[in-house]
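Structure, as structure tokens:
The values are calculated or read from the model by the stated rules, or taken from the named source; none is laboratory data. Because the structure is a prediction, the values reported are computed rather than measured. Cβ sites come from the backbone with ideal geometry, for glycine too, and all protein chains shown count toward neighbours. Accessible surface is based on the protein model in full, side chains and every heavy atom, while ligands, DNA and RNA are left aside. Shrake-Rupley method; radii C 1.70, N 1.55, O 1.52, S 1.80 Å.
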Amino acid sequence: MTAPLTADAHEYGLVGDGTADDGPALQKLVDALGDATAGDGRPRTVRVPAGRYLIRDKPVLWRSGVSLVGAGRGATCFALTNPGAPAQPVPLAWFTTAQHGAGRDHHIADVTFARFEIDGLGVETEEYEVLAKGLGLQYVLRGRFSDLWIHDTAATGFGCDFLQDTVVEGVLTERCGRQDPGEKMGGAGIGIGVGGWGPVERLAVTDCTARGNGTNGIFLELQQDDWVPPRGIRLTACHAEDNRYGISDWGADGLLVTGCTMLGNHVAGFDVSAQGTTSVGGRGGLVTGCVIDGNAGDGIALGNTPGPYGFHGNRVSNNGRYGYWEHNLSGGDQEPATDIVLESNDIHDNALDGIRVDAPLHEPAIFGNRVRGNGRRAAPEAQGGGEGVHCGPLLLTDERADWLPGGHRGKELTIGGGEPGGAEVTAVVTDNTATRLTLAPLRPGAGTAWPDGTPAPGTAYRLPDSPAPRAGLTAAAAVTHPYVHGNRVRDDGHPRTQVHAVWIAPEATWTGGRVSGNDFSGNGSASTRFDSAPSGGRWRDNAG
């Protein structure tokens, strides 16, 4: 076989009719072009015309210097399937450390994957398999992944690790992690392992969309706990919606997240924690100019990090629990997080506290924020059934109700169970009007909140009471030397649901620091509530 610099896939045996197995012909072509590149140092490109190309039972082992370029999303489609090898994961392209000895000195270089679709719906492994990805490459140098649509994979859609001098742009991932029950590693839209190239990995992820994926929309994960968390990674103008977590930092250093939207995710919009395989949280990151809105759980959930971390100029709103939640998971770093900065954020209309501190903080800086109208989960318990009660795939309507709008946000709705032996079903309320509850999907990517079909008209339901107090800023852990200045922490709503501007809970300690120049007036009750008195420091010039 000759090895041109650009090869038309049809001329080398690929059919693209959706029936023939095009995997062997593609592997033969990649090997030939890879051998030629190794011989003369000149990268090659496979051009794939429009068509549906079946990759059956065996992934394509990729080669350095070989690019794959289609005719566009929806035009060129690679359909992955494994009917003859149910234990075999079938990514389109793979090259990994465990299977192929990938490493810094044995890597993939100078490759582009662009302008095609990967349909992973045909892969069903006997057990959940993290390698059942759309793309699964490790140790890529000077890569470019552009204008890809990856959907319905059994595990992560774009699952490439250790990307140096690489750009990931315009990648759309939908409903990936199809076989992940929500408790496994992987199962993300875009999942990128980091640390393999050392302390600096120069990677840009930009203008990507991750929607309805089993675990994360986008995550960065340190792959060995003895590696140095790498700097140099940037996420810009990305969108994460209806995933378990929106964007997660599980072990980078200085991750830059700019101009992104994180909407309607089930646990948190932005997450730093010990959830990853090495239980290492990110540190030194900056999140700026993002919209983190309407997530069923928390807007920002941060923990298991030594710090620092900064959040500047974000909108954090309408989330089902806290706007910002400081917490630590077991198994990860438990030391106080140092130099956490919340600056000039608009934190409003979250269901519980605007800012909640449940893990130790040392020298946090909270200044110039507007923390307003939180504590929206203020409606009392409710129940109903019978005439006027109707359910849809993602809603419950009670025509006789008169609920406080937004007052059930984040609550767990319980349906049924009134009959002896009757089964109860629960769903999470994401918002409500006076008569209608909007519900979160059963799992990311699902079109319904109900596991066994939409409940019948008139089905009995109940909603729990609201918790109290609900504050703009709650400290329920040790806070030392805080700087809290120039914030506007108030509630102008009717009724006022943010009960206090600042609550220091009984289990908290607040030591030293300075709280000055804040507007704490106009909340539902007293401006401050000290169940544990602050010790030392200075409180002065605070309105209210």
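If you average the alpha carbon positions of segment 422-462 and of segment 14-65, how far apart do those two centres end up, in angstrom? Each part's Cα centre sits 46 Å from the other's. Roughly what % of DSSP beta bridges within the chain run antiparallel, to the nearest 5? Around 10 percent of the beta bridges assigned by DSSP in the chain are antiparallel ones. Is segment 40-79 rounded, prolate or oblate when judged by the Cα gyration tensor, a ≥ b ≥ c being the square roots of its eigenvalues, rounded requiring a/c under 1.5 and prolate requiring a/b larger than b/c? Oblate, because a/c is 1.5 or more while a/b does not exceed b/c. Judged by the gyration tensor of its Cα atoms, with axes a ≥ b ≥ c, segment 421-474 is prolate; a/c meets the 1.5 cut and a/b is the larger of a/b and b/c. Each of the peptides 440-450, 396-406 was scored by the mean count of other Cβ atoms within 10 Å over its residues; in descending order, highest first, they stand as 440-450, 396-406. The simple spin-label model puts a point 7 Å past each Cα toward its Cβ; for A75 and T277 those points are separated by 3.7 nm. Based on DSSP H segments of at least four residues, each scored -39500 (n - 2.57), the chain has a per-residue ellipticity at 222 nm of -1000 deg cm²/dmol. Gyration tensor analysis over the Cα atoms of segment 1-130 returns equivalent ellipsoid semi-axes of 23, 19, 12 Å (largest first, whole Å). Shown for segment 270-360: the carbon plus sulfur share of the solvent-accessible area, taken with all protein chains present and a 1.4 angstrom probe, equals 50%. The calculated pair-distance distribution of segment 364-410 uses every alpha carbon pair, bins of 5 angstrom beginning at 0, and gives 5, 15, 20, 19, 13, 9, 7, 5, 5, 3, 1 percent.
Taking amide H as placed 1.01 Å from N in the peptide plane, V272 has its amide H under 5 Å from the amide H of D249, A301, L302, G303, each at least 5 places away in sequence or on another chain. Between Y483 and E507, the contour length at 0.36 nm per residue exceeds the alpha carbon distance by 6.6 nm.
What is segment 235-294 by shape, rounded, prolate or oblate, if you read a ≥ b ≥ c off the alpha carbon gyration tensor as root eigenvalues and call it rounded for a/c under 1.5, prolate for a/b larger than b/c, and oblate otherwise? It comes out oblate by the Cα gyration axes. Computed on the chain, with alpha-carbon pairs under 8 angstrom and 6+ residues apart, the relative contact order is 7 percent.
So how tilted is helix 23-40 from the main axis of the chain? Cα-based, degrees 0 to 90, rounded to 10. Helix 23-40 sits roughly 80 degrees off the main axis of the chain. Once every Cα of segment 292-362 carries one equal point scatterer and solvent is ignored, give the base-10 log of I(q)/I(0) from the Debye formula at q = 0.11, 0.16, 0.18, 0.28 Å⁻¹, two decimals. So the normalised log intensities are -0.25, -0.52, -0.64, -1.20.
Each label was represented as a point 7 Å from its Cα along the Cα-to-Cβ direction; for D492 and A543 these points are 1.0 nm apart. Put simply, the Cα atoms of the chain extend 81, 58, 33 Å along their principal axes, the longest span coming first. In segment 8-108, the DSSP beta bridges split such that about 5 percent are antiparallel, to the nearest 5. When both segment 519-544 and segment 143-160 are represented by their alpha-carbon centers, they are found 49 Å apart. Calculated accessible area for the chain comes out at 37 Å² per residue, all protein chains present (probe 1.4 Å; ligands, DNA, RNA ignored).
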